[in-house]
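Trainee: Please see the structure below; I have some questions.
The values are calculated or read from the model by the stated rules, or taken from the named source; none is laboratory data. Bear in mind that the values here come from a model prediction, so they are computed numbers and not experimental data. Here Cβ is always computed from backbone atoms with ideal geometry, including for glycine, and neighbour counts include all displayed protein chains.
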Amino acid sequence: MTPTIFAAILLAALLHALWNALAKRQAAGRVSVLLVALCSGLFSLPFLPLVGLPDPAEYPWLALSILLHSGYCLFLGRAYRLGEFGQIYPLARGSAPLLTLLLGALLLGEWPGWLAVVGALVLVSGVLLMAWRGGIRLAPAALTAVLITALFTAAYTLSDGMGARSAGAPIRYTLWLFFLTALLMPLLMRWQSRSSLRSLSRGDWHTGALGGLLSLLAYGIVIWAMTQAPIGLVAALRESSVLFAVLLSWLWLGEKLGRVRLGAALVILCGILLIRLA
């Protein structure tokens, strides 16, 4: 892996943590994550003529992924309203690879090797440490929202992987996924709060637009990097976003860091790396 690709993946990890931190700052408004998803879809719109229409083989995967991404946005927003960013983000990111591993084994027959099993055990210990000793003990509702978010993440990861493979055009698939998912966001925002769209200020739209741009860039960089370097290495390095998130929660959001929270984030990261590199 060249230094340029290495730096690009670290940038993608930072951008992912940043847009999530932006959404957390607006989480009291109930629709912050939905607004980011809406804006990222709008940013993808100008590129659709360049990639053409989806292939028929992509249709079922797009339909499934749109539903899964919508559920992810709803529950991630709920989790951010109920807990601190420095705990919620590492838990959501850390639980997802574990669930992906389990779903891949059960649904696709892709059974993990011993290194992945060790990584899963390390990951579980880090998640438990973060949930119960990570600074503030999470309420059951917050922990439930995080785990459901991780389940949606694991499910859409598998669905997107199959969708991107179905026609061999991952960039086209990603752009259409972002755009089509965005079409549902106004309905979900209205469902969350009937006055949500009308009550958004200009500052809310600016923040949502910035988050949407960061989200699209982060995903685009990762897709590009996976064409230049081994997918496992890219996926593993991308998970450094967990550490970026913990630092952002402390430096930007004013949350308590603490040795236990930082240690739990490092344990989660180690577990993810073992699973990704297995």
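Trainee: For the range 181-202, what are the residues that are modelled with pLDDT of 75 or more and either surrounded by 12 or more Cβ atoms within 10 Å (Cβ to Cβ) or of a type in the set (Gly, Ala, Ser) (or both)?
Mentor: THR181, ALA182, LEU184, MET185, PRO186, LEU188, MET189, ARG190, TRP191, GLN192, LEU200, SER201
Trainee: Follow-up question, since we're still on this one. What number of residues in the range 23-52 are in contact (Cβ under 8 Å) with a residue 60 or more places away in the chain, of a type in the set (A, V, I, L, M) and surrounded by fewer than 21 Cβ atoms within 10 Å (Cβ to Cβ)?
Mentor: Residues that pass the stated criteria total 4.
Trainee: Against the conditions (1) at pLDDT 80 or above; (2) in a helix (DSSP H, G or I), where does GLY232 fall short? Just the number, please.
Mentor: (1)
Trainee: Shifting gears a bit: With the requirement that a residue be touching a residue at least 12 places away in the same chain (Cβ under 8 Å), over 21 Å from THR100 (Cβ atoms), not aromatic (Phe, Trp, Tyr) and not in a helix (DSSP H, G or I), what does the range 251-278 give you?
Mentor: LEU253, GLU255, LYS256, LEU257, GLY258
Trainee: Could you please find all residues in the range 36-66 being outside any helix (DSSP H, G or I) and of a type outside the set (Gly, Ala, Ser)? Don't jump to the end; show me each part of the working.
Mentor: Keep residues of the range 36-66 that are outside any helix (DSSP H, G or I), which gives 52-55.
Residues satisfying the conditions are LEU53, PRO54, ASP55.
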